Structure formats: structure tokens, C-alpha cells
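Colleague: Could you have a look at this structure, given as C-alpha cells, before my questions?
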Amino acid sequence: MAYFSDIPEIRYEGGASDNEFAFKYYNPDQTIGGKTMREWLRFSVAYWHTFTMDGSDPFGAPTMQRPWDQYSGMDLARARVDAAFEFFQKIGSDYYCFHDVDIAPEGNTLKESNKNLDEIVGLLKNRMDDTGMKVLWNTANMFIHPRFMHGAATSNNPDVYAYAAAKVKKQLEIAKELGSENYVFWGGREGYESLLITDMGRELDNLASFYHMALDYAKEIGFDGQFLIEPKPKEPTKHQYDYDTASAYAFLQKYGLADDFKINIEANHATLAGHSFEHELHYARVNGILGSVDANQGDLLLGWDTDEFPTDLYSAVLAMYEILKNDGLGRGGLNFDAKVRRTSFEPSDLFHGHIVGMDTFALGLTIAHQMLEDRALEDIIEKRYAGFEEGIGQKIASKQTSFHELEKHAMEATINLSSGRNEKIRGRINQYIRGSVGVPTTAE
Ligand code: XUL
Ligand code: CO
């Protein structure tokens with residue numbers, strides 16, 4: 001059955017197009033810096049926001065019109081597979097992501113849930129074989145069900161811990177079966193509501209053992225995808241252990257996991273942690289742990305995770321700048337962990353959300369690539385740190401000095417500072433965004 005029969009396949013028409021169902025900037029086969037846009041961007045559709053999200057919020061009822069919602073239970077799960085593959089084909093994404101509960105309903109027992117999953121995974125596999133669609137990552141939802149109220153791998157209850165392990169075990173088997181590029185852990189309930197009732201040391205030890213067992217099992221079954229941690233500081237839990245990239249990295253290093261995990265950075269999680277999106281990408285890049293991206297944006301006037309489709313061009317330029325400097329995302333991609341607003345309730349709005357998100361990152365890619373070609377920031381940064389290329393600076397950089405020598409230097413040297421020229425540089429970035437320098441921003 002067709003669910004989007006009034007929507008055409010979305011194609012590239014260029015920046016001047018007024019066809020609402022066309023890409024203005026995302027031209028998948030256009031080459032930039034030796035790769036196609038499709039290869040750099042590796043767009044992924046999030047099953048949960050696109051096929052299961054109903055538009056309800058803590059104050060109001062569902063608003064979304066989703067024709068497949070006429071079904072329920074396993075019939076609904078089967079109908080969603082049809083809707084999903086019709087959508088993937090029309091929007092032209094190569095990847096998708098899902099939680100276990102997005103694709104198949106939980107049964108009354110773990111066995112029944114696994115049986116439901118098996119049937120739907122079979123359907124997905126057939127469709128993937130037919131279309132060439134791939135899974136960017138899958139994950140186990142360990143935050144919705146009441147059993148996870150105290151956490152999953154950080155629960156105070158070992159039976160819950162075991163249940164969580166069984167869910168991840170099943171998802172790793174599915175990852176292997178479907179050839180997922182990555183496996184994600186997002187710990188929405190891995191944290192605490194009150195420190196007064198929390199043994200944090202024990203919880204962190206248990207969480208690390210959980211990850212080690214997951215790695216062992218992946219190895220045992222021959223799943224070779226990249227493991228990713230997705231940090232978020234809070235919501236739903238008051239304090240989440242994977243607060244941001246830096247705290248996740250410290251945890252991975254402490255527990256001997258740093259070689260086996262990378263980070264999945266979500267823009268809205270970065271801003272909730274008091275960082276910019278580009279800060280998180282930059283920190284991950286310079287530490288060699290930039291794995292994948294949940295592409296969305298928050299609203300600074302609202303204090304929560306609004307998961308909006310990314311439209312902020314400035315932010316997309318700086319994000320793509322980091323991704324290009326990383327030489328791409330490897331096995332990762334840009335997953336639209338983004339949902340249409342509650343008032344954008346028609347099925348066609350799902351297309352508008354993805355079109356603007358894909359166009360925003362395509363523009364970001366084009367502009368950031370030109371800035372890099374022109375060494376727009378590189379030359380400035382190089383000049384700013386030039387002192388470390390000679391004299392005492394060079395000795396500091398090559399670890400060939402001491403406090404004795406530095407004191408002697410300080411006694412004799414005159415300090416000459418130079419301006420950071422922050423405003424000038426921002427003006428220059430505006431020129432790139434406007435297309436006044438470098439290539440035009442439109443790809444025609
Ligand atoms: C929640 C969030 C999740 C993860 C996967 O804020 O981002 O959807 O991406 O569990
Ligand atoms: Co996410």
C-alpha cells in the first residue's frame with residue numbers, strides 16, 4: 001500500500017527552484033573535494049521521529065496524521081515498514097536508524113518481543129536487499145518501559161540489568177543480520193534523580209562491565225560495526241553520566257574502552273550541556289573519537305530537547321567544517337534525530353523537514369569546503385600560534401624545556417600580544433555564506 005502517493009521523488013533542481021518538493025542545494029552526485037555530497041553526508045532517517053512519533057507532548061494529545069496509524073500491533077509494525085521504504089525511496093536517503101521498540105511492539109514476555117522483532121527484521125532485510133538501503137545504526141530502547149525507572153545498565157536492580165543486557169544482545173544480533181554500520185548507546189536513564197540514594201561508583205562500574213560484555217558478544221557473533229556513545233547531560237534523568245563528549249571520553253578511558261568506542265554527537269544535546277554543536281564535534285575530532293552525528297537543532301528559548309530539523313545555516317557550516325577536517329565521518333553519518341513541529345501534522349511535512357535538513361547540510365558542506373580550500377581560518381590559526389614554531393615556543397612544543405629555563409626566559413623577554421580579530425573573522429565567514437567570496441553558495 002502507498003502512503004505518500006501525492007508526493008513525487010525528491011530531486012535536485014537548484015537554488016532558484018520554487019518546487020516545494022525538490023532539493024535546492026543537495027545534489028547527491030555532485031563532487032566536492034574528491035567525494036560526492038552523498039558520500040560526505042551519509043543522510044539517515046530516524047524511524048522513531050518519522051514513523052512512530054505522534055505529536056503528543058506533556059500538555060497535549062497526538063496531532064499527527066499518519067495513514068498507517070489505522071492499524072495496530074503487529075499490523076501497524078508491518079504497515080510502518082511499507083511507509084518507511086516508500087519514504088526512503090522518495091527522499092533518497094541511503095541510511096536509517098531505529099530502536100527495537102520503533103520497529104516492533106514489545107510482547108508480554110522477552111521471548112514474545114524477540115519473536116515480533118524477528119518477523120519485522122525479516123521484512124526489513126528483504127526491503128533492504130531490494131533497495132540497497134542500509135542501517136546507519138540501531139539501538140535498544142531502555143528508557144520508556146517502567147522497568148527502567150531506576151536505570152538500565154545503571155539500575156540498582158540486577159534483574160533489570162540482565163533484562164537490559166538481553167535487549168542489547170538481541171539488537172547486536174539484529175545489527176549483524178542487517179549489517180548495521182554502527183551500534184549506539186544513549187543512556188537516557190543511566191544517571192540519577194537524587195544523589196542521596198545513588199551509589200555512583202557502583203553504577204559506573206556496572207555500566208562499564210555492560211559495555212565490555214557488549215563488545216565481547218559483538219566479537220563472538222562477528223558484528224564489526226563501530227560502537228558509539230551518544231552523550232546528553234539531562235532529560236529524562238536529572239543528571240546523565242554521559243553528560244557530554246568530554247565526560248564520556250573520561251569514562252571510556254578509565255575503563256579501558258577508549259579504543260572500541262567513538263561518540264555520536266547530537267546538536268541539541270550539545271547545547272543542553274552548555275556547549276555549541278561545533279565545540280562537541282571539535283573536541284571529538286581532536287581526540288580521534290568523532291563517530292557519527294544526530295543532526296538536529298534546539299531552541300535556545302526553550303530549555304529542553306526540541307529535536308528540530310536543522311535549518312541554522314551558520315551552525316551547519318561550522319559543523320561541516322569540523323566534519324571535513326575529520327575527513328568525513330567514516331562509518332558514521334548525519335542522522336536526522338529530528339521531528340516536525342506539533343503543528344506540522346500532515347504526512348507531506350515529513351518531506352519538508354528532511355528536504356530543508358538535507359539542503360542545510362549540503363549548503364554547509366559547500367561553504368565549509370570553500371573556506372577550507374581558501375584556508376580561511378587555517379592561516380589565521382597558524383599565525384596565531386606561530387610562536388610555537390621557533391625559539392622558546394618550539395622548545396615548549398617539543399617538550400624540551402623546564403621551569404628553570406622558562407623562568408629565565410620570562411625574566412628577559414618582552415611580551416608582545418596580538419589581537420584575536422574575532423569580529424573581522426566573523427565578517428569573513430558571512431562573506432563565505434553569502435557567496436561573495438569563494439564559489440557561489442548555490443550549486444548551479
Ligand atoms: C534522545 C535521543 C535518542 C537517541 C537514541 O534525546 O537522542 O533518540 O538518539 O536513543
Ligand atoms: Co539522538
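Colleague: Can you name the residue in the stretch 181-202 that is of a type in the set (Val, Ile, Thr) and away from ligand 2 (no atom under 16 Å from the Cβ) and is also surrounded by the most Cβ atoms within 10 Å (Cβ to Cβ) among such residues?
Modeller: 198
Colleague: Could you say which residue among 139, 109, 131 is within 16 Å of ligand 1 (Cβ to nearest atom), of a type in the set (Ser, Thr, Tyr), at pLDDT 95 or above and at negative phi?
Modeller: Sole residue among the options that is within 16 Å of ligand 1 (Cβ to nearest atom), of a type in the set (Ser, Thr, Tyr), at pLDDT 95 or above and at negative phi: 139.
Colleague: Looking at residue 161 and the list (1) free of Cβ contacts under 8 Å to residues at least 60 places away in the same chain; (2) within 16 Å of ligand 1 (Cβ to nearest atom); (3) not in a loop (DSSP other than H, G, I, E, B), which single condition is not satisfied?
Modeller: Exception for residue 161: condition (2).
Colleague: Oh, and also: One residue is enough: does the stretch 301-313 have a residue meeting the conditions in a loop (DSSP other than H, G, I, E, B), without any contact (Cβ under 8 Å) to a residue 40 or more places away in the chain, within 16 Å of ligand 2 (Cβ to nearest atom) and out of contact with any Pro (no Cβ under 9 Å at 6 or more places or on another chain)?
Modeller: Yes: one or more hits.
Colleague: When the residues of the stretch 206-232 are narrowed to those that are of a type in the set (D, E, K, R) and in contact (Cβ under 8 Å) with a residue 12 or more places away in the chain, which ends up farthest from residue 295 (Cα to Cα)?
Modeller: 232
Colleague: Just one of 338, 362 is assigned to a loop (DSSP other than H, G, I, E, B) and in contact (Cβ under 8 Å) with a residue 60 or more places away in the chain; which is it?
Modeller: 338
Colleague: Are any residues in the stretch 211-235 out of contact with any strand residue (DSSP E or B) (no Cβ under 9 Å at 6 or more places or on another chain) and within 16 Å of ligand 1 (Cβ to nearest atom), and if so, which ones?
Modeller: 235 - this is the single residue of the stretch 211-235 that is out of contact with any strand residue (DSSP E or B) (no Cβ under 9 Å at 6 or more places or on another chain) and within 16 Å of ligand 1 (Cβ to nearest atom).
Colleague: Oh, and also: Please find, among 369, 354, 282, the residue that is closer than 20 Å to residue 230 by Cβ and either out of contact with any strand residue (DSSP E or B) (no Cβ under 9 Å at 6 or more places or on another chain) or part of a helix (DSSP H, G or I) (or both).
Modeller: Exactly one residue qualifies, and that residue is 282.
Colleague: Please give the number of the condition residue 289 fails out of (1) within 16 Å of ligand 1 (Cβ to nearest atom); (2) of a type outside the set (Lys, Arg); (3) under 30 Å from residue 205 (Cα atoms); (4) touching a Lys or Arg at 6+ places or on another chain (Cβ under 9 Å).
Modeller: Checking residue 289 against (1) within 16 Å of ligand 1 (Cβ to nearest atom); (2) of a type outside the set (Lys, Arg); (3) under 30 Å from residue 205 (Cα atoms); (4) touching a Lys or Arg at 6+ places or on another chain (Cβ under 9 Å), the one that fails is (1).
Colleague: Please go through the stretch 64-86 and pick out each residue that is outside any helix (DSSP H, G or I) and touching a residue at least 24 places away in the same chain (Cβ under 8 Å).
Modeller: Across the stretch 64-86, the qualifying residues are 64, 65, 66.
Colleague: Name the residues in the stretch 175-226 that are closer than 15 Å to residue 164 by Cβ, in a loop (DSSP other than H, G, I, E, B) and not aromatic (Phe, Trp, Tyr), would you?
Modeller: 187, 188, 189, 190, listed by residue number.
Colleague: If you don't mind, there's one more thing I want to ask. Looking at the stretch 15-28, which of its residues are under 19 Å from residue 317 (Cα atoms) and small (Gly, Ala, Ser)?
Modeller: Result: 15, single match.
Colleague: Given the condition under 25 Å from residue 305 (Cα atoms) and without any contact (Cβ under 8 Å) to a residue 12 or more places away in the chain, answer yes or no: does some residue in the stretch 120-134 qualify?
Modeller: Looking through the stretch 120-134, none of the residues is under 25 Å from residue 305 (Cα atoms) and without any contact (Cβ under 8 Å) to a residue 12 or more places away in the chain.
Colleague: I've got another one for you. Could you count how many residues in the stretch 268-294 are more than 13 Å from ligand 2 (Cβ to nearest atom) and acidic (Asp, Glu)?
Modeller: Residues flagged as more than 13 Å from ligand 2 (Cβ to nearest atom) and acidic (Asp, Glu) within the stretch 268-294 amount to 1.
Colleague: Within the stretch 239-267, take every residue that is within 13 Å of ligand 2 (Cβ to nearest atom) and touching a residue at least 60 places away in the same chain (Cβ under 8 Å) and give me the one that is surrounded by the most Cβ atoms within 10 Å (Cβ to Cβ).
Modeller: For the stretch 239-267, the residue satisfying everything is 264.
The values are calculated or read from the model by the stated rules, or taken from the named source; none is laboratory data. The structure presented is a predicted model; accordingly, all values stated were derived computationally and were not measured. Here Cβ is always computed from backbone atoms with ideal geometry, including for glycine, and neighbour counts include all displayed protein chains.
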